[in-house]
Every structure is written in C-alpha cells, then in structure tokens.
1. Collect residues whose amide H, placed 1.01 Å from N in the peptide plane, falls under 5 Å from the amide H of residue 202; neighbours closer than 5 in sequence don't count.
2. Between residue 99 and residue 81, with labels modelled 7 Å along Cα→Cβ, what's the label distance in nm to one decimal, could you check?
3. Using the Karplus curve 6.51 cos²θ - 1.76 cosθ + 1.60 with θ = phi - 60°, what ³J(HN,Hα) values do you get for each residue of the stretch 140-152, in whole Hz, with x for Gly and Pro?
4. Report ³J(HN,Hα) in whole Hz for each residue of the stretch 178-185, in order, from the Karplus equation J = 6.51 cos²θ - 1.76 cosθ + 1.60 where θ = phi - 60°; Gly and Pro get x.
5. Want the number for residue 138 to residue 219: 0.36 nm per residue separation, take away the alpha-carbon distance, what's left?
6. What list of ³J(HN,Hα) values in whole Hz, one per residue of the stretch 197-214 in order, does the Karplus curve 6.51 cos²θ - 1.76 cosθ + 1.60 (θ = phi - 60°) give from phi, with Gly and Pro shown as x?
7. Could you name the aspartates and glutamates whose alpha carbon sits less than 19 Å from that of residue 237, not counting residues in the same chain fewer than 8 places away?
Amino acid sequence: MHRNGSLFLQHIHHHNYWQRKEDKVLAPRLARWRGTSKSGPTTQELTNNFWISALQNKITNTTQLEEFVSLWIRIQGVFLNSEIEDSIAWKWTPDGIYSARSAYRVQFIGSFRSFNTDTIWRARAENKCKVFAWILIQDKILTADNLTRRGWPHQASCALCNAPMETSQHFCLLCPLAQAVWNQILSWENWTLPQQTHPANFDCISDWWEATAKDCAQDQRRDFNGMVIYIMWNLWKERNRRIF
C-alpha cells in the first residue's frame, strides 16, 4: 500500500480509519459522526469513496463542510496498492526511522526564528556576546515591547532617543543614536553597506543581518558578523546603563 509522506496517512490498512487520533484532530466533528458506528478498514473506506456516502445527510453546517472539504483534499493524495507491503515512516528524519533526538527537536519547531546559525556562532566575537546575539535574534531580549507583553514594569520609550516604543530592531538598527554609531564604526572599518540593505527595508534584525552578510566577501563575513554582534552588544549595554 503506497502513501505519501504525510503523518496523516502513515497508518496500516487494518487500523480503523476514522478512530485514529490524527483524523479526530483534522475533522473532529466528522469523526464524531463516524464514531457512533463500526468502520471498516482503510481500503474499504477509500474504495469508491465509501467514507463520503457514509456521511450523506449528516453535514448540516459550514464548519462540518469545511472539515469535509479539507479531509477530501488530503485524501486525494492516497493511492492504494495491494502489491506493496505496508510501512510506517517517521517524516522528521531523512531515512524515515524514528529517533529520540529527532522527536526532541520536533517539539521546538516554530519556537525559534529561522536563521543561519553560522552567522553568529562562527563570527569573530566572544561567546557571551554570541549568546546575547542569539537571544536577540529570537526576539527574547527584554525590550519594552517584550516587557509589555509580560506585564512587567518598564520604561516604554527608547532610552537612547526617547522614541515612543522600544523594540529590539529599533534600539539596534533604527534609533538615531544607533544609526550614528553604525555609520561611525562602518567608516572606521572601511565598510560600505548597499542602499538596499538599509534597516528600514526589513521587518526584523535577522532578515537584515542575513541580507547584509551575503553582500560581504566570503573571507570577510566572520569579521563583519563579529562587528555586528559587538555593535548590538554595546548598544544594549548603553541602553541598560541609561535605564539603570
């Protein structure tokens, strides 16, 4: 029996098709209807769209209709072949084999911003500054916007320029004082950044950083990334000095 790689379809044919947890998550209201009666194996349910006829006259609202359409679209990718032995694959590893390590990593999908980690960890900078840069990229630094979300006491305005709301991108890249610092240091180091990589053109620090680093020569990126880390690190220290 051949199926695509979706976890939704990774089950053997003699399992009850409508009682599986994944089905109940994808279409809980439809599964509730099917749960009141015995369902056949997957092959029987899919043959000639038997599962559809079993739901006839039971779909009575838009929510159930949306679930039905979503489920129907997913099932279109299922192709049954009785000549191929069933198999179960773990989609989070290249070889399809489960491992505790891959299961651990799956838990953090979506928890962190997508970012080329070498940009930070291979930069010429002290480790404590690299750790700071990593936390900053994940938008976990306790700037005013993050403190507001936590309900903690804070100074709302930027300590460097008194702008209305302090964010990590603001105090690192957009603040007038930060821009003055960047211009001065880039001048000292004979770095010239292209106009298209102006910080105002990007939604977050990570996007700006990756785009800017790509414009540097390969043999200069570690030095450039180290400079970026040190500038942002010292801007953060100055911000804290003014507040505390």
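1. Residues meeting the criterion, in which the H sits 1.01 Å from N, do not exist here.
2. The modelled label-to-label distance comes out at 2.8 nm.
3. 3J(HN,Hα) across the stretch 140-152, in whole Hz: 10, 5, 7, 7, 4, 5, 6, 5, 4, 5, 7, x, 8.
4. Values per residue, Gly and Pro as x: 4, 5, 5, 5, 4, 4, 5, 5 Hz.
5. Between residue 138 and residue 219, full extension yields 26.5 nm more.
6. 9, 4, x, 5, 7, 10, 8, 8, 5, 4, 5, 4, 4, 5, 5, 6, 4, 5
7. The reachable aspartates and glutamates, counting only those whose Cα sits under 19 Å from residue 237, are 126, 139, 145, 166.
Bear in mind that the values in this text are calculations on the coordinates, not laboratory data. This one's a predicted model, so the numbers in the text were calculated from it and none came from an experiment. Note that each Cβ is placed from the backbone with ideal geometry, even for glycine, and that neighbours are counted across all protein chains shown.
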